[in-house]
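Heads up, the thing below is written out as structure tokens.
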Amino acid sequence: MGDLVVNAAVVAEQYVAPLGRRWRHVQGVARRALELSVGLEADQVETVVSAAWLHDIGYAHEISSTGFHPLDGARWLRGQDWPPEVVKLVAHHSGARFEARERDLVGELAEFEFGDTELDDLVAAADLTTGPGGERLSFDERVAEILTRYEPDSVVHRTWLTAAPTVGQVVARAEAQAAARASVRGL
């Protein structure tokens with residue numbers, strides 16, 4: 001892996017490792033992103049894996065300002081001069097647009113262009129097929145885990161009741177594309 005991924009891993013460890021179990025999740029998401037990126041161009045792999053390392057950095061106490069981790073992480077990364085594509089992937093990871101609606105932060109999230117690209121799909125799939133302790137889960141298992149972990153009246157719980165059908169299609173598409181690329185390469 002290139003310098004971008006190494007730097008992302010170092011920064012993620014610095015800010016996310018103190019958060020405990022979330023660090024294991026981030027490590028698992030980075031591993032899963034690498035798996036799903038099979039067959040992509042090297043620069044795309046670096047972008048996806050770097051975003052995977054950094055996707056939850058907005059939870060860090062030093063970085064969190066709005067309480068909406070995709071937005072807080074993206075703003076901080078932009079301020080640290082990370083590549084715009086990595087910043088956008090962090091801002092919009094895993095259906096962030098749905099939670100932004102629940103939090104009335106749609107305008108703020110719009111600071112970062114939503115690409116709706118294959119790379120967006122891959123980051124979502126990596127995140128949403130990795131459990132809180134870094135374990136591999138299916139998308140349905142991950143959503144069930146989220147709905148169990150958060151109270152029914154919480155923003156996150158309400159978000160996933162709305163987001164799951166759309167984001168589930170994104171995850172399925174990413175996994176199918178990764179499988180097709182692997183098949184072409186004979187992996």
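The values are calculated or read from the model by the stated rules, or taken from the named source; none is laboratory data. Quantities reported herein were computed from a predicted structural model and do not represent experimental measurements. Methodologically, a virtual Cβ is constructed for each residue, glycine included, from the backbone with ideal geometry; neighbour enumeration extends over all protein chains shown. When the accessible area is computed, the model is the full protein with side chains, heavy atoms only, and any ligands, DNA or RNA have been set aside. Shrake-Rupley method; radii C 1.70, N 1.55, O 1.52, S 1.80 Å.
Of the solvent-accessible surface of the chain, computed with a 1.4 Å probe over protein heavy atoms with every protein chain present, carbon and sulfur atoms account for 50 percent.
Annotation: per residue accessible area for the stretch 1-71 equals 43 Å², rounded to a whole number [probe 1.4 Å, protein chains only]. Under the criterion of Cα pairs below 8 Å and six or more residues apart, the relative contact order for the stretch 1-81 equals 30 percent.
If you average 1/r over every pair of different alpha-carbon atoms in the stretch 1-44 and take one over that average, what Kirkwood value in Å do you get? Don't jump to the answer; show the numbers that get you there.
Numbers: mean 1/r = 0.0888 Å⁻¹.
One over the average 1/r among Cα pairs gives 11.3 Å for the stretch 1-44.
The charge dipole of the chain, taken about its Cα centre with unit charges on the Cβ atoms of Lys, Arg (+1), Asp and Glu (-1) only, comes to about 420 debye. What would the Debye equation give as log₁₀ I(q)/I(0) for the stretch 67-178 at q = 0.10 Å⁻¹, counting only Cα atoms as equal point scatterers? Log10 of I(q)/I(0), two decimals: -0.28.
Once fully extended, how much extra length lies between Ser183 and Asn7, figured as 0.36 nm per residue of separation less the alpha-carbon to alpha-carbon distance?
Working: separation 176, 0.36 × 176 = 63.36 nm, distance 3.09 nm.
Difference between extended and current length: 60.3 nm.
The residue list Ile146, Leu77, Gln177 was ranked by how far each Cα lies along the charge dipole of the chain toward its positive end, using unit charges on Cβ atoms, and Ile146 comes out on top. Amide H contacts for Arg136 (H built 1.01 Å from N in the peptide plane; partners 5 or more residues away or on another chain; cut-off under 5 Å): Gly131. Shown here for the stretch 16-99: GluC sites (Glu not before Pro) in loop regions (DSSP other than H, G, I, E, B) with at most 12 other Cβ atoms within 10 Å, namely Glu41, Glu62. Sequentially through the stretch 171-180, phi angles give Karplus couplings (6.51, -1.76, 1.60; θ = phi - 60°) of 5, 4, 4, 5, 5, 5, 5, 5, 5, 5 Hz, Gly and Pro residues having no value and appearing as x. Note: relative contact order over the chain, using C-alpha pairs below 8 Å and six or more positions apart, is 24 percent. Relative contact order of the stretch 92-139, taken over Cα pairs closer than 8 Å and 6 or more residues apart, is 36 percent.
With semi-axes √(5λ) of the Cα gyration tensor in Å in mind, check (1) 31, 18, 15; (2) 23, 20, 16; (3) 25, 20, 16 and report the label derived from this structure. Structure-derived value, by its label: (2). Ellipticity at 222 nm from helices only: DSSP H runs of n ≥ 4 in the chain, each -39500 (n - 2.57), divided by the residue count, give -21000 deg cm²/dmol. Take the stretch 91-187 with all the other protein chains still there, run a 1.4 Å probe, and you get 49 Å² of accessible area per residue. Placing pseudo-labels 7 Å out from each Cα toward the beta carbon at Arg136 and Thr148 gives an inter-label distance of 2.0 nm.
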